[in-house]
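One structure is given below, encoded as structure tokens.
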Amino acid sequence: MKILMVCLGNICRSPLAHGIMEHLVKQKGLNWEIDSAGTGSWHIGHQPDRRSIAVAKANGIDITNQRARQFSSADFDDFDLILVMDKQNYRDVIAQAKTAEHEEKVKLFIPDGFVPDPYYNDEEFAPVFDMVYTRCEKLLQELKH
Ligand code: 4NP
């Protein structure tokens, strides 16, 4: 199973989803590959936002090795599942799909919901971490079966 987590900048939300899912998958001894990307290009090559690094670290997860990259249409072929953090990410990714098969791989990370962008509010990082962690646990259970 290869899963790509996608947000706008690939420095706040998707690095958390990437790091948390990788952590849980490793804990379960599964050989799944997890990655993340952003629809935007501003932060290519950057480490995750220091506030995402801090909240992950406080919860025992190290995301400092991650570097931001931009989503590309090659990702549709490279991944089984592309999970987007909000509806704008969904629109931006779907706009690059060339086939129905590509489109079917794209799903909202939170079904019928979204992960709020914490970039402009320091206090959002802890609740975003919790929301992403809870969803990753559930997702792992769903996908294992
Ligand atoms: P992310 O948050 O999509 O969760 O990584 C953002 C990070 C940076 C920007 C926007 C959102 N930005 O505009 O630079």
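Which residues, counting only those in segment 105-132, are among the acidic types (D, E), surrounded by 14 or more Cβ atoms within 10 Å (Cβ to Cβ) and touching a residue at least 24 places away in the same chain (Cβ under 8 Å)? Across segment 105-132, the qualifying residue is only D117. Among the numbered conditions (1) within 19 Å of V128 (Cβ to Cβ); (2) free of Cβ contacts under 8 Å to residues at least 40 places away in the same chain; (3) more than 10 Å from the ligand (Cβ to nearest atom), the only one that A74 does not meet is (1). Taking the criterion of being assigned to a helix (DSSP H, G or I) and farther than 24 Å from F76 by Cα, the residues of segment 101-136 that qualify are D122, E123, E124, F125, A126, P127, V128, F129, D130, M131, Y133, T134.
Might you check whether a residue that is modelled with pLDDT of 95 or more, out of contact with any strand residue (DSSP E or B) (no Cβ under 9 Å at 6 or more places or on another chain) and more than 13 Å from the ligand (Cβ to nearest atom) occurs anywhere in segment 36-45? Yes, segment 36-45 contains a residue that is modelled with pLDDT of 95 or more, out of contact with any strand residue (DSSP E or B) (no Cβ under 9 Å at 6 or more places or on another chain) and more than 13 Å from the ligand (Cβ to nearest atom). Residues of segment 9-31 being of a type in the set (A, V, I, L, M), outside any helix (DSSP H, G or I) and either away from the ligand (no atom under 13 Å from the Cβ) or under 13 Å from F109 (Cβ atoms) (or both), which ones? Residue satisfying the conditions is L30 alone. For segment 82-104, residues that are under 14 Å from the mean Cα position of the chain (by Cα) and buried (at least 17 other Cβ atoms within 10 Å of the Cβ) total 8. Being on the phi > 0 side of the Ramachandran plot and either at pLDDT 95 or above or touching a Cys at 6+ places or on another chain (Cβ under 8 Å) (or both): is that true of G29 here? Considered against the rule, which asks whether it is on the phi > 0 side of the Ramachandran plot and either at pLDDT 95 or above or touching a Cys at 6+ places or on another chain (Cβ under 8 Å) (or both), G29 comes out as yes.
Among the residues of segment 32-50, the ones that are part of a loop (DSSP other than H, G, I, E, B) and either touching a helix residue (DSSP H, G or I) at 6+ places or on another chain (Cβ under 9 Å) or on the phi < 0 side of the Ramachandran plot (or both) come to 11 in all. Quick test of your reading of the structure: A95 fulfils all but one of (1) away from the ligand (no atom under 16 Å from the Cβ); (2) in contact with a strand residue (DSSP E or B) (Cβ under 8 Å, 6 or more places away or on another chain). Name the failing condition by number. Among (1) away from the ligand (no atom under 16 Å from the Cβ); (2) in contact with a strand residue (DSSP E or B) (Cβ under 8 Å, 6 or more places away or on another chain), the lone unmet condition for A95 is (2). Out of the residues in segment 51-70 that are of a type outside the set (S, T, Y) and not in a loop (DSSP other than H, G, I, E, B), state the one that is surrounded by the fewest Cβ atoms within 10 Å (Cβ to Cβ). Taking the candidates together, the pick is A58.
The values are calculated or read from the model by the stated rules, or taken from the named source; none is laboratory data. Remember, predicted model here, so these are calculated numbers, not experimental data. Here the Cβ is made from the backbone with ideal geometry for all residues, glycine too, and neighbour counts use every protein chain on show.
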